[in-house]
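Notes for the one structure printed next.
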2 protein chains.
Amino acid sequence: MADYEQPVVEVPTLTALLDGKYVEVRELTRKRLVEYASVLDDQRELDRAAFRERVLEVVQELAGTGQTGLGFPVEYGGGGDIGASVAAFETMAFGDLSVLVKVGVQFGLFGGAILQLGTKPHHDAYLTDLVSARTLGCFAMTETGHGSNVQALGTVATYDVATREFVITTPDESARKDYIGNAAAHARLAVVFAQLEIGGRSEGVHAFVVPIRDGKGRALPGVRISDDGRKIGLNGVDNGRIAFDGVRIPRENLLNRYADVTETGVYVSDIDNPDRRFFTMLGTLVQGRVCVGGAGINASKVALSIATKYALGRRQFGNPGAGEELLLDYGLHQRRLFPLIARTYALHFAQEVLAGQLHDVFSATEEVDERTRRALESRAAGTKALGTWHASETIQECREACGGAGYLSANRFDALRADTDVFTTFEGDNHILLQLVAKGLLTDYSTSFGELDQLGMVRFVAGIAVDTVIERTAVHKLLERIKDVIPGWDDGDGEGDVDAGLLDPEYQLTMLRWREEHMLSGVARRLKRGMDSDMEPAEVFSRCQDHVIAAARAHVERLVLEAFVAKVAAMPDGGNKIALNLLSDLYALSTIEADRAWWMEHGRLSSQRAKAISREVGELCRRIRPIAEDLVDGFGVPAELQATEMMAPGTREGDRTGA
Amino acid sequence: MADYEQPVVEVPTLTALLDGKYVEVRELTRKRLVEYASVLDDQRELDRAAFRERVLEVVQELAGTGQTGLGFPVEYGGGGDIGASVAAFETMAFGDLSVLVKVGVQFGLFGGAILQLGTKPHHDAYLTDLVSARTLGCFAMTETGHGSNVQALGTVATYDVATREFVITTPDESARKDYIGNAAAHARLAVVFAQLEIGGRSEGVHAFVVPIRDGKGRALPGVRISDDGRKIGLNGVDNGRIAFDGVRIPRENLLNRYADVTETGVYVSDIDNPDRRFFTMLGTLVQGRVCVGGAGINASKVALSIATKYALGRRQFGNPGAGEELLLDYGLHQRRLFPLIARTYALHFAQEVLAGQLHDVFSATEEVDERTRRALESRAAGTKALGTWHASETIQECREACGGAGYLSANRFDALRADTDVFTTFEGDNHILLQLVAKGLLTDYSTSFGELDQLGMVRFVAGIAVDTVIERTAVHKLLERIKDVIPGWDDGDGEGDVDAGLLDPEYQLTMLRWREEHMLSGVARRLKRGMDSDMEPAEVFSRCQDHVIAAARAHVERLVLEAFVAKVAAMPDGGNKIALNLLSDLYALSTIEADRAWWMEHGRLSSQRAKAISREVGELCRRIRPIAEDLVDGFGVPAELQATEMMAPGTREGDRTGA
């Protein structure tokens, strides 16, 4: 029936392509996960307390192998390779996610704060024991009443010049630290974020190392710790609450890379502007977001591998008298799974670009300019948001696509879904992150709308006051590029050429670029108009908020497609390239299809062409059907980590007997 | 700022409106749930085995109060009121959902099968002990390899004329009964669905009462029972697998309302056509679907109540220097929650219509014609699908809208989400149910496309062969009605009147009716064209499947809006009517907005008007903001069943101090 070239996929080569630069690290991580596959059973069978201890044990054993310390300096027992540490962490998302998140808490958040915000004395004091997981710590930033708005948190650190100590205090219940991983049971130390006060003057949020438990695991005087109790998922991680009643720590416990307090109580910093200082500090913690986004993308691979194989084993209905059809031969089932496979590949390559940038910035021997750092932070925020939403959507769709079997915990969707659910919220709520992305983009526009910044509008967009370097991203250049593209890109109105160019990446990219540019300039105009009226800034922002988020999302989707298209273009000819081209087309067209109303509303898509895009998505799904199993096998999720009770025997493809 | 009338909502009156005819039953159910509120804690704190026993205890105690037997005849200890039993069941979804589902298994599925498929001897033998929950039973329909395709199940019941017994056998692993509630621990009896074979001839699927455990809870000889183990949710229900090795039961254990086997092995039935007989049997079990849909809608009310109150307590970001804003004052937050509140009201009223029809059909003293029964089944299938998808979407959105607090199990989203997740799959997978709806609608078209049925196409749509009475639903009349509607309904192209009529229910309904009609005729044409080609029927169907599902969904959305509009129209003037009018408009316009691309593609919506609809949705959200708390309070979810650890003190609306 097909009049096109049907690709033959080489699965090992495809996995190697995905593994990229860090093939050994990823291969080793998979091996470790298989060795520890029993933790997936423990997650279901042990009670909460026992599972916490089991996860601790696994994390400590992994630390002993060097698996978890790749990002730390060699002199403290680390691997000295940021990129490798991201690759290892992402790949660990194939296994139990409590283990993953406890690793993230210990080595990413706690360890990362000591490394990035501390100086040599802190490194010497803590890093070796931290990297080996002999000392457990936590990252006490979030408060009950202050989540993503870190600048507004309520914990106070007052400098007592008489004793040369900081006094840490929780003024009210909304300022208690909350949801803090490692806090409820295992952490001996906490990096506490608090408002620094010296002589009655506030210097803004800073980080302090605060001992919270003694050698026997008992809370220290003045430290009130409670357990957050059962959560939707990640019950192998001991999240808890911490409040401080005048806890005293030495002056040296301020993590003083960007600011310090002298013995006599003088505040000193190389960065004069307090907002800029705050965001510089926060910016050093970007690796956490990069890791969470990558973990979400890899968790999606597990779900898609299981659901695709299930659909190749399970039959249902069919032609009367002719035996039942495989689920994967149903058009709707293809429509449900294949665009998600395509988007997983797309996000994987976008994440690879991001992780590469992270590695370069944090491995640079010279000072990296602020523009580059901000671009990295924006890209990390956007990729984290899209990658984690993708995980939630994908795992849920896969669960439903497996029906009752998907509901059984043994088949992994339970923990996958429950554990990743909070990924959309932690390391920055996704909506807030997209606002951050939008703020960066809108800052470009502040040249054209000079008074905007003055009015506090741009600052309001991210909900934070920030002194950003005015930068010019690629956005302004987009309009020019658009003009260069093939004629007819904006639409063929005649019936004849309605399909023309749909599979041209230049057309697809142009569509995404045009949307991004148009949304962004539209938001800027709306904000300006609002500020020129007598409306309250809060009201102006509230009315534009969905538009702001949409613009940021459009921006990130464009970056993702660019990464995918570039990757495919660089591949050698062959079956794998043809296959990934199909996926790239499917990602692009299903992305356009999902928002096709927008292009129609803005005169950039005729109704005929919109329908042609939907038809093409269906056609691409049919072409992908024969290689679907290869494409999920390419993800490289070890069989031992896939579902265990999925199928009754004798019902797999090929086992079919009779008509 | 407002130039419109802002309604004042009377909450008790609103709750009374939702309670409707069964206000006492619902009030009493709420009282019971509050008495048993501790089961919500048990769900989190007890281990699986202990929680199962606790849930059994609660179900048995509730049975003792008459709460769970309202739908059974008075002579067997029931309440003799189908409508009341649905109202009671729906309302129980405010509480723990393992309790709800165990009630559903015992009284709805097991009890319903005995009542509907059995005759007086079965009623006399089982109903009294079943209604009092002294005898527990299970409903053994689903098999590992045969879920929604009941007609294809593999278990066999062979009649042995020598002993006058049926011999129940599980021929292979794909035919084992699976996911059966009450099977793993508590059921003494099972209603087993099996292929009836007499003298080598198959008579199709029939139901049999099969004892599976003795008085001490041990599996009987030939009955292999295993536990499905941990599930995503509903772990208070003991789901299990059952296989039969030649288990013998007396001839009288065939539930023989629609067919019987004489002692000498002659098969007799009043319904000649085997397909029709099968669907008549299944049709009597429609109450289960009605109940599950209603439960999903009510579980959504709990989630929306919690999330709305959280958003009225939690502040975040805001104008620099002016204190933080309430979450609910953010436009995006309103956009996330309010359309879901509106859809919950809409679905509630649609469910009320459905439950009324169910009551009428099953309480009728005369034989109800098949057309009415089929209409009921179709409506039940569609409402179940939309109601349970709504629950999944709403609970998830509410969880995310509460951030980290939403992730704590104490705040209820955990169990709500996990327990309702399978609602989209059980009692019929939602996609299959919508195909069933589509099949019914397409049957109308088989008059215009005579050869369709002959070609097996219509049968294929639902994957089942069925001899349906050709009926004429309202669909054909839609086109005529459309012509009568206000001029300009299809679009104003000038800028001036782009908003005209958006809030006119006649416009909104016309849009939904036109979509339904157009999609349906489009599907029929595509199927016909496909059948006229040389394509395999399976391939034709596979390619149209998303179109088929979309048409069914469009049909149900139209029914839902009609129910909402009719309800509001009948209300007395006043604040509540204004408020529900806002919600009705929001439901209609957000429904149109979500699929606006479709109307644009089909020339029924200009881009200007599409944008006007989006603006109006935002405007409606702003108007609803001041009454949002009243609207969720109107749901009548008792405070004791809402979240317990949601807020830090001192941060609720009204508690704000300072600027």
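The values are calculated or read from the model by the stated rules, or taken from the named source; none is laboratory data. All of these numbers come straight from a predicted model, not from anything done at the bench. Ideal geometry is used to build each Cβ from the backbone, glycine not excepted, and the neighbour counts take in all protein chains shown.
Annotations for the structure displayed:
- Here B:357, B:351 are screened, and the one residue that is in a helix (DSSP H, G or I), surrounded by fewer than 20 Cβ atoms within 10 Å (Cβ to Cβ) and modelled with pLDDT of 95 or more is B:357.
- Failed item in (1) assigned to a loop (DSSP other than H, G, I, E, B); (2) within 14 Å of another protein chain (Cβ to nearest Cβ), with residue B:178 passing the rest: (1)
- Just one of the listed residues (B:345, B:330) is within 28 Å of residue B:576 (Cβ to Cβ), in contact (Cβ under 8 Å) with a residue 24 or more places away in the chain and hydroxyl-bearing (Ser, Thr, Tyr), and it is B:345.
- Test: residue in segment B:187-195 that is within 13 Å of another protein chain (Cβ to nearest Cβ) and either touching a residue at least 24 places away in the same chain (Cβ under 8 Å) or under 27 Å from the mean Cα position of the chain (by Cα) (or both): no
- Filtered residues of segment A:132-174 (kept if among the hydroxyl-bearing types (Ser, Thr, Tyr), farther than 30 Å from residue A:77 by Cα and either modelled with pLDDT under 95 or in contact with a strand residue (DSSP E or B) (Cβ under 6 Å, 6 or more places away or on another chain) (or both)): A:144, A:148, A:155, A:158, A:159, A:169, A:170, A:174
- Filtered residues of segment A:144-175 (kept if more than 9 Å from every other protein chain (Cβ to nearest Cβ), more than 18 Å from residue A:110 (Cβ to Cβ) and assigned to a loop (DSSP other than H, G, I, E, B)): A:154, A:161, A:162, A:163, A:164, A:170, A:171
- Tally, over segment A:23-51, of residues that are out of contact with any Leu (no Cβ under 9 Å at 6 or more places or on another chain), charged (D, E, K, R) and more than 24 Å from residue A:358 (Cα to Cα): 8
- Taking segment A:572-612 as the range and being on the phi > 0 side of the Ramachandran plot and more than 9 Å from chain B (Cβ to nearest Cβ) as the test, only A:574 passes.
- Of all residues in segment B:583-606, those satisfying the criterion of being surrounded by 22 or more Cβ atoms within 10 Å (Cβ to Cβ) and among the aliphatic types (A, V, I, L, M) are B:583, B:586, B:588, B:589, B:592, B:597, B:600, B:605.
- Filter result (crowded, with 20+ Cβ neighbours inside 10 Å, over 18 Å from residue A:408 (Cβ atoms) and touching a strand residue (DSSP E or B) at 6+ places or on another chain (Cβ under 8 Å)) within segment B:224-267: B:244, B:247, B:253, B:254, B:255, B:259, B:261
- Hits in segment A:212-239 - residues which are over 26 Å from residue A:151 (Cβ atoms) and over 29 Å from the mean Cα position of the chain (by Cα): A:213, A:214, A:215, A:216, A:217, A:218, A:219, A:220, A:221
- Residues in segment B:18-66 that are within 14 Å of chain A (Cβ to nearest Cβ) and touching a residue at least 12 places away in the same chain (Cβ under 8 Å): B:40, B:42, B:43, B:44, B:48, B:51.
- Given (1) within 14 Å of chain B (Cβ to nearest Cβ); (2) farther than 29 Å from residue A:43 by Cβ; (3) touching a residue at least 60 places away in the same chain (Cβ under 8 Å), index of the condition residue A:405 fails: (2)
- Counted as qualifying within segment B:546-625 are the helices (runs of 4 or more DSSP H) with 3 or more residues that are more than 28 Å from residue A:616 (Cβ to Cβ) and not assigned by TED's automatic domain parsing to the domain that holds residue B:16, namely B:575-594, B:607-624.
- Being among the aliphatic types (A, V, I, L, M), crowded, with 24+ Cβ neighbours inside 10 Å and more than 13 Å from residue A:186 (Cβ to Cβ) holds for only one residue in A:46, A:70, A:40, A:100, and it is A:100.
- Scanning segment B:411-438 for residues that are assigned to a helix (DSSP H, G or I) and of a type outside the set (A, V, I, L, M) gives B:411, B:413, B:414, B:417, B:419, B:420, B:421, B:423, B:424, B:430, B:431, B:435.
- Screening segment B:311-325 for residues that are modelled with pLDDT of 75 or more and in contact with a Gly (Cβ under 8 Å, 6 or more places away or on another chain) and picking the one that is surrounded by the most Cβ atoms within 10 Å (Cβ to Cβ) gives B:314.
- Test: residue B:288 is touching a residue at least 12 places away in the same chain (Cβ under 8 Å) and more than 14 Å from chain A (Cβ to nearest Cβ): yes
Here is a yes/no grid of residues against (1) crowded, with 22+ Cβ neighbours inside 10 Å; (2) among the aromatic types (Phe, Trp, Tyr); (3) at pLDDT 95 or above:
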position	(1), (2), (3)
B:498	no, no, no
B:512	yes, no, yes
B:527	yes, no, no
B:546	no, no, no
B:556	yes, no, yes
B:569	no, no, yes
B:574	no, no, yes
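- Summed over segment A:376-402, the residues that are among the basic types (Lys, Arg) and within 11 Å of chain B (Cβ to nearest Cβ) give a count of 1.
- Among residues of segment B:510-532 that are among the β-branched types (Val, Ile, Thr), those with a Cβ under 8 angstrom from a residue that is in a helix (DSSP H, G or I), sequence gap 6+ or separate chain, pair up as B:510/B:481; B:510/B:482; B:523/B:438; B:523/B:442; B:523/B:544; B:523/B:547; B:523/B:548; B:523/B:551.
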